[in-house]
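What follows is a single structure, written as structure tokens, with notes after it.
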Amino acid sequence: HTVKGCAQFLLHSKNVHFWSGLSSGSDRKNVARLARGQKAFVPATGAHVKPTLHLMQSLVDMAKHTPIQINALTGGIHTPGSNHYRGHAVDLDLAVGNTSEIVHIANKHGGIRNSETSHIHLDF
């Protein structure tokens with residue numbers, strides 16, 4: 001029920017994978033920071049942020065029902081002012097898990113999918 005607890009769950013779940021092709025390196029390291037009670041680093045801005053609890057709970061819920069691959073949490077390069085830079089967005093791989101189930105679970109937690117088609121972008 002905390003960002004830290006959610007991050008710990010995600011790190012140890014066999015259903016959670018992290019994309020290694022992110023420009024700033026895998027966001028696994030940011031989830032590990034969160035699991036230690038630290039804030040995630042935002043390479044694009046140099047800031048440190050704590051993702052929303054709703055976002056993190058949504059990822060845990062997803063991982064309990066389907067495999068997911070986290071492509072970007074706070075890392076990577078996004079449009080200026082992106083919700084990724086505030087800890088309010090996550091990108092998931094389209095080819096991993098059940099997309100309709102992922103989006104349904106995100107919606108239950110207040111997440112909204114945008115129109116990007118190369119991946120599942122969710123804002124919280």
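The values are calculated or read from the model by the stated rules, or taken from the named source; none is laboratory data. It should be emphasised that the depicted structure is a prediction, and the values quoted were computed from it without experimental measurement. When we count neighbours, we look across all protein chains shown, and the Cβ atoms used for this are built from the backbone with ideal geometry, even at glycine. When the accessible area is computed, the model is the full protein with side chains, heavy atoms only, and any ligands, DNA or RNA have been set aside. Shrake-Rupley method; radii C 1.70, N 1.55, O 1.52, S 1.80 Å.
A few notes on this one:
- Single condition V90 does not satisfy, out of (1) within 10 Å of the chain's Cα centre (by Cα); (2) more than 19 Å from S118 (Cβ to Cβ): (2)
- Restricting attention to the range 3-44 and to residues that are out of contact with any Gly (no Cβ under 6 Å at 6 or more places or on another chain) and polar (S, T, N, Q), the residue that is farthest from K64 (Cα to Cα) turns out to be Q38.
- Output for the range 99-118, where each listed residue is part of a loop (DSSP other than H, G, I, E, B) and more than 20 Å from S13 (Cβ to Cβ): G110, N114, S115, E116, T117, S118
- Number of residues in the range 20-38 that are touching a Lys or Arg at 6+ places or on another chain (Cβ under 9 Å), part of a loop (DSSP other than H, G, I, E, B) and touching a residue at least 24 places away in the same chain (Cβ under 8 Å) equals 2.
- Taken over the range 20-40, the residue count meeting the criterion of being open to solvent by 80 Å² or more (accessible area, probe 1.4 Å), touching a strand residue (DSSP E or B) at 6+ places or on another chain (Cβ under 7 Å) and either under 22 Å from P80 (Cα atoms) or of a type in the set (S, T, N, Q) (or both) is 1.
Conditions (1) buried (at least 23 other Cβ atoms within 10 Å of the Cβ); (2) part of a loop (DSSP other than H, G, I, E, B); (3) not β-branched (V, I, T), marked per residue:
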| site | (1), (2), (3) |
| --- | --- |
| P51 | yes, yes, yes |
| M62 | yes, no, yes |
| G76 | no, yes, yes |
| G97 | no, yes, yes |
